[in-house]
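The values are calculated or read from the model by the stated rules, or taken from the named source; none is laboratory data. What you see is a predicted model, and the numbers here were worked out from it, not measured in a lab. Backbone-built Cβ (ideal geometry, glycine too); neighbour counts: all protein chains shown.
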Amino acid sequence: MSLLLRLTLVALGLPSAAAPHPDSAPTLTVFAAASLTGAFRELGRILEARRPGLTVKFNFAGSQQLALQIDQGAPADVFASADQRWMNGVRQQGEVEGEAPVFARNRLVVIVPRTNPARIRGLAELVRRGTKIVLAAEAVPAGKYSREVLQKLASRREYPDRYDRRVLANVVSQEENVKSVVSKVQLGEADAGFVYRSDVTPAVARYVSVIDIPDESNVLAEYPIAVLTSAQNPEAARLFVALVRSDTGQRILRQHGLIPAPAAQPAAQP
């Protein structure tokens with residue numbers, strides 16, 4: 001653009017073509033399982049502080065929804081799934097750059113409203129007729145894990161016959177992500193729900209009570225993370241993955257109720 005044209009545009013109050021576009025600041029887009037909301041938002045703020053000018057945006061949803069969005073071409077730089085199944089699906093589409101290491105684990109618990117109108121004191125009582133139970137849908141990692149837990153409990157002598165089938169018969173709603181299960185129970189719209197331990201945040205704990213699932217019948221959920229081959233900001237994506245796996249990231253994950261993954265930390269901090 002000529003100097004004369006630049007001066008003319010300035011005089012008329014019009015933007016010069018050479019002026020930076022307001023959306024030109026670097027952005028990192030992270031697609032992450034809904035159960036990672038609190039921890040990842042905190043990690044995003046840390047990365048923004050370390051990289052002035054960088055904006056970290058998140059899309060939190062069920063892993064199956066995120067995988068479908070990625071498959072349909074939604075712009076994303078990082079994908080963090082709540083199980084290997086949906087990460088493998090994204091990998092089969094050629095969207096995973098390099099490895100997809102497990103960076104955290106999680107356990108399931110059952111929550112009931114603090115008022116506990118159904119008077120549920122233990123897992124065996126979930127079979128009572130009329131009990132309103134909410135689960136994540138089977139395609140959702142938390143939903144798949146919940147059904148695995150029910151099958152394990154059904155094999156134990158201290159639980160009623162056909163325990164898993166009888167509990168599933170009491171399911172009144174199947175949600176698209178685990179946060180929706182929490183919300184239903186928290187609001188008293190259900191008598192019980194299967195959620196991750198990390199979902200029982202201090203704010204949620206004011207409204208629900210927790211019933212633990214025996215370790216031998218529980219499922220240890222694994223969370224893999226990957227930079228996507230279609231990433232618009234691959235450098236920032238790698239920095240975020242490194243931060244998640246660093247000592248700092250693992251400490252924050254632990255603070256939010258997740259279980260750090262063994263040997264997840266790289267040798268150097270990002």
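Quick notes on this structure:
- Scanning the stretch 112-130 for residues that are crowded, with 16+ Cβ neighbours inside 10 Å and not small (G, A, S) gives V112, P113, I120, L123, E125, L126, V127.
- For V195, the stated conditions hold: it is of a type in the set (A, V, I, L, M, F, W, C), closer than 17 Å to G122 by Cα and out of contact with any Pro (no Cβ under 6 Å at 6 or more places or on another chain).
- Within the stretch 202-213, if we keep just the residues that are farther than 15 Å from V185 by Cβ and in contact (Cβ under 8 Å) with a residue 60 or more places away in the chain, the residue that is surrounded by the fewest Cβ atoms within 10 Å (Cβ to Cβ) turns out to be D212.
- Candidates E189, E222 - the one that is of a type in the set (D, E) and outside any loop (DSSP other than H, G, I, E, B): E222
- Residues being under 13 Å from the mean Cα position of the chain (by Cα) and surrounded by 17 or more Cβ atoms within 10 Å (Cβ to Cβ) are represented in the stretch 85-94 by at least one member.
- Of S230, S198, S209, all but one fail to be part of a helix (DSSP H, G or I) and of a type in the set (S, T, Y); the exception is S198.
- Reported count of residues in the stretch 28-80, each being part of a loop (DSSP other than H, G, I, E, B) and crowded, with 17+ Cβ neighbours inside 10 Å, is 5.
Listed here are the residues, each with its yes/no results for (1) assigned by TED's automatic domain parsing to the domain that holds Y207; (2) under 30 Å from V172 (Cβ atoms); (3) not in a loop (DSSP other than H, G, I, E, B).
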| position | (1), (2), (3) |
| --- | --- |
| A82 | no, yes, no |
| N88 | no, no, yes |
| R91 | no, no, yes |
| G94 | no, no, no |
| A100 | no, no, no |
| T115 | yes, yes, no |
| R119 | yes, yes, no |
| G130 | yes, yes, no |
| V134 | yes, yes, yes |
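- Test: residue in the stretch 168-182 that is more than 21 Å from A82 (Cβ to Cβ), in a loop (DSSP other than H, G, I, E, B) and at pLDDT 95 or above: yes
- Number of the condition not met by A124 [criteria: (1) outside any helix (DSSP H, G or I); (2) among the hydrophobic types (A, V, I, L, M, F, W, C); (3) within 30 Å of R156 (Cβ to Cβ)]: (1)
- Unique residue being outside the structural domain of L150 (by TED's automatic domain parsing) and within 18 Å of the chain's Cα centre (by Cα) when the list is L47, L43: L43
- Residue that is surrounded by the fewest Cβ atoms within 10 Å (Cβ to Cβ) [pool: residues in the stretch 102-111 that are part of a strand (DSSP E or B) and of a type outside the set (A, V, I, L, M, F, W, C)]: R105
- Considering the stretch 136-166, and only residues there that are in contact (Cβ under 8 Å) with a residue 60 or more places away in the chain and in a helix (DSSP H, G or I), the residue that is surrounded by the fewest Cβ atoms within 10 Å (Cβ to Cβ) turns out to be E148.
- D164 among the acidic types (D, E) and more than 30 Å from G188 (Cβ to Cβ): no
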